[in-house]
Amino acid sequence: MIQNLIYMNGYGIFVWLSFGITILVCATFYYKTYKTLKKYEKDFVKEINALSQSQRKIVLEKSKVATQLLASYNKSI
């Protein structure tokens, strides 16, 4: 039963190889996207921290995302 699933009438090598390549490519794209997102978040937090206190307060009042990002970034430090 399991052998039939693995071999798939002789096409198993192509099917399992394509699944493996697809998973590898998706994992690579995920990793690169995650890494780029973290870089942009870090740059954004640096920009916010470079603002004066009054400008920072205005930005944080207007943007819920900036508030959450700054809060999560400060927790991780």
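The values are calculated or read from the model by the stated rules, or taken from the named source; none is laboratory data. In this text, all values refer to a predicted model and were calculated from it rather than measured experimentally. Glycine also receives a Cβ, built like all others from the backbone with ideal geometry; neighbour counts cover every protein chain displayed. When the accessible area is computed, the model is the full protein with side chains, heavy atoms only, and any ligands, DNA or RNA have been set aside. Shrake-Rupley method; radii C 1.70, N 1.55, O 1.52, S 1.80 Å.
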Please report, in whole Å, how far the alpha carbons of the chain spread along each principal axis, starting with the longest. 70, 22, 19
Highest GNM mean-square fluctuation, the chain, Cα pairs closer than 10 Å: which of Y40, Y30, Y11? Y11
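L51 to L24: FRET efficiency via 1/(1 + (r/R0)^6), r the Cβ-Cβ distance, R0 35 Å, to the nearest 0.05?
Working: r = 42 Å, r/R0 = 1.19.
My answer for the efficiency is 0.25.
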Per residue accessible area in Å² of the stretch 24-70, where ligands, DNA and RNA are left out and the probe is 1.4 Å: 86
Heavy-atom accessible surface of the chain: percent carbon and sulfur, 1.4 Å: 66
In sequence order, what are the phi-derived ³J(HN,Hα) couplings for the stretch 54-60 according to the Karplus relation 6.51 cos²θ - 1.76 cosθ + 1.60 with θ = phi - 60°, rounded to whole Hz, with x for glycine and proline? 5, 5, 4, 4, 5, 4, 6
Which residue, K42, K32, K62, tops the fluctuation ranking in a GNM of the chain built on C-alpha contacts under 10 Å? K62
